[in-house]
Structure formats: C-alpha cells, structure tokens
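**Student:** Just passing along the structure, written as structure tokens.
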Amino acid sequence: MKTAGYLVVEGPIGVGKTALARKLATRLEGRAILEETDENPYLELFYRNRKKYGFQAQISFLLARYIQQTRLVHPDLFTRYLVSDFLFGRGTVFAKVSLEPQEFSLYQRLMDQLKTGLISPDLVIYLQASTGVLIDRINRNGRAFERDMDRNWLEQLVDSYNSWFLQDRQYPVLVVNTDSVDFPGNENSFEGLVEAIKMHPGGIQGYNPMPHKGFLI
C-alpha cells in the first residue's frame with residue numbers, strides 16, 4: 001500500500017469501528033471522518049420498529065453519508081491519511097436485512113445514482129466478530145436503545161456484511177477478526193495491525209490479531 005491514502009474501517013454494530021478509526025487517525029497523523037450517527041432522527045425509532053422506520057432511517061443515513069463524502073478531498077499523498085468509520089455503500093448491508101423488496105430496490109437505485117464520482121478508499125479494514133461478542137460489546141458500550149438487540153437480526157446483519165465483502169471486489173480489503181482483541185486497549189496488537197495495513201498488497205487479505213501483534217493469513 002502507498003504511504004498515505006484513504007482508509008475505511010468497516011464492520012457490524014458493536015465491532016469497534018469508531019474507536020479504531022480514531023486511534024488509527026491519531027497514530028498515522030491523519031484526519032478521522034466519522035459517521036454522524038446521532039444526527040439521524042429515525043435511528044432510535046428504527047430500533048423500536050425496524051419494519052415501520054427502516055426505509056426512513058436508511059434514506060436518512062444515505063443522504064448524510066453522501067454529503068460527508070462530497071466534502072472529502074484526496075489526502076496529501078506524502079503526509080496524511082483520511083480514516084473513516086464508514087463506507088458509502090454500507091447502507092446496502094443494512095437495507096438487505098431491514099427493508100421490504102420494493103423499498104430495497106428503490107434504495108439501491110438511489111444509492112447507485114449518488115455514488116458516481118465519489119472517491120474510493122485505498123483500503124477497507126473489515127472488522128469481524130462473533131454475534132455473542134458483538135452483543136456483549138453493544139450491551140457494554142452501545143446507546144441505550146441499541147441494548148437488548150434482536151440476536152436474529154444481528155446475525156442476519158453479520159451474514160449480510162460477509163456476503164457483501166466476498167462479492168464486492170472493487171476495494172482492497174484487510175479482514176480482521178476482533179473476537180479476542182481490543183485494539184484501543186492493546187498497543188501491541190494495534191501496532192501489529194498498523195504494520196499489516198502498511199504492508200497490504202491489494203486484493204483481500206486476512207489478519208489474525210494476537211496479544212503480541214498478529215499474523216497475516
């Protein structure tokens with residue numbers, strides 16, 4: 001990978017995207033671009049009734065992501081990274097498990113129109129975790145309305161994420177299992193991840209973090 005660029009940290013709810021994106025931006029002397037989740041007026045309503053408020057919540061997120069993306073400029077190739085905690089197309093993952101077929105079709109058409117001309121990441125760091133680990137992290141760190149999450153829906157979301165990254169090969173991806181690692185709290189494993197990011201050759205590669213750095217697979 002080149003010495004500077006646009007990095008995106010992605011993964012399901014509770015996996016630790018935002019904390020890692022912030023830490024990477026600091027470590028790489030870059031700028032963090034964080035999704036404005038709390039600005040979505042339908043988010044809490046969505047968790048109360050996904051069927052009723054799913055479309056409004058996803059469209060609101062889509063437009064907010066589009067506005068944030070249009071503000072991005074290419075980073076200085078020699079000195080700076082942009083590190084984001086969301087990929088513009090991530091709404092497709094949520095829409096597949098939250099919307100009715102007709103709603104999903106309309107959502108996808110709108111997203112396809114908006115994504116034209118947006119900059120693409122140089123690398124996506126895809127964080128994975130088992131459903132049980134995600135639920136534990138959500139219950140400890142999530143918003144009040146995210147707790148007691150429907151396990152079945154969360155499992156569908158994880159499956160949707162995995163399918164998306166296996167099928168969509170337009171971005172280089174580093175797949176990282178976080179079941180046993182807390183990157184913000186473990187400097188050795190975090191530095192190992194930074195090294196794996198800088199060494200990424202392109203395509204899809206796996207990285208298994210350990211308490212003392214980790215290894216590529």
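**Student:** Can you pull out every residue in the range 28-52 that is assigned to a helix (DSSP H, G or I) and either of a type in the set (A, V, I, L, M) or crowded, with 19+ Cβ neighbours inside 10 Å (or both)?
**Tutor:** Initial filter on the range 28-52 (assigned to a helix (DSSP H, G or I)): 37-39, 43-48, 50-52.
Hits for the range 28-52 are 43, 45, 46, 47.
**Student:** Where the second residue is surrounded by fewer than 21 Cβ atoms within 10 Å (Cβ to Cβ) and charged (D, E, K, R) and the first is farther than 19 Å from residue 61 by Cα and lies in the range 114-127, which pairs have Cβ atoms under 7 Å and are six or more apart or on separate chains?
**Tutor:** Once the first residue is farther than 19 Å from residue 61 by Cα and sits in the range 114-127, its partners that are surrounded by fewer than 21 Cβ atoms within 10 Å (Cβ to Cβ) and charged (D, E, K, R) give 122/2.
**Student:** Just one of 99, 72, 62, 118 is touching a helix residue (DSSP H, G or I) at 6+ places or on another chain (Cβ under 7 Å) and over 23 Å from residue 13 (Cβ atoms); which is it?
**Tutor:** Details: 99 fails: over 23 Å from residue 13 (Cβ atoms); 72 fails: touching a helix residue (DSSP H, G or I) at 6+ places or on another chain (Cβ under 7 Å); 62 fails: over 23 Å from residue 13 (Cβ atoms).
Unique residue meeting the criteria: 118.
**Student:** All but one of (1) of a type in the set (D, E, K, R); (2) touching a Gly at 6+ places or on another chain (Cβ under 9 Å); (3) without any contact (Cβ under 8 Å) to a residue 60 or more places away in the chain hold for residue 137; which doesn't?
**Tutor:** So the condition that residue 137 fails would be (3).
**Student:** Are any residues in the range 133-147 under 13 Å from residue 18 (Cβ atoms) and polar (S, T, N, Q), and if so, which ones?
**Tutor:** The one that is under 13 Å from residue 18 (Cβ atoms) and polar (S, T, N, Q): 141.
**Student:** What about residue 25, is it within 24 Å of residue 182 (Cβ to Cβ), of a type in the set (A, V, I, L, M) and buried (at least 20 other Cβ atoms within 10 Å of the Cβ)?
**Tutor:** When the stated conditions are applied, residue 25 passes them.
Only the coordinates and a few stated rules stand behind these numbers; no lab work does. What you see is a predicted model, and the numbers here were worked out from it, not measured in a lab. Using ideal geometry, Cβ is built from the backbone for each residue, glycine included, and neighbour counts are taken over all protein chains shown.
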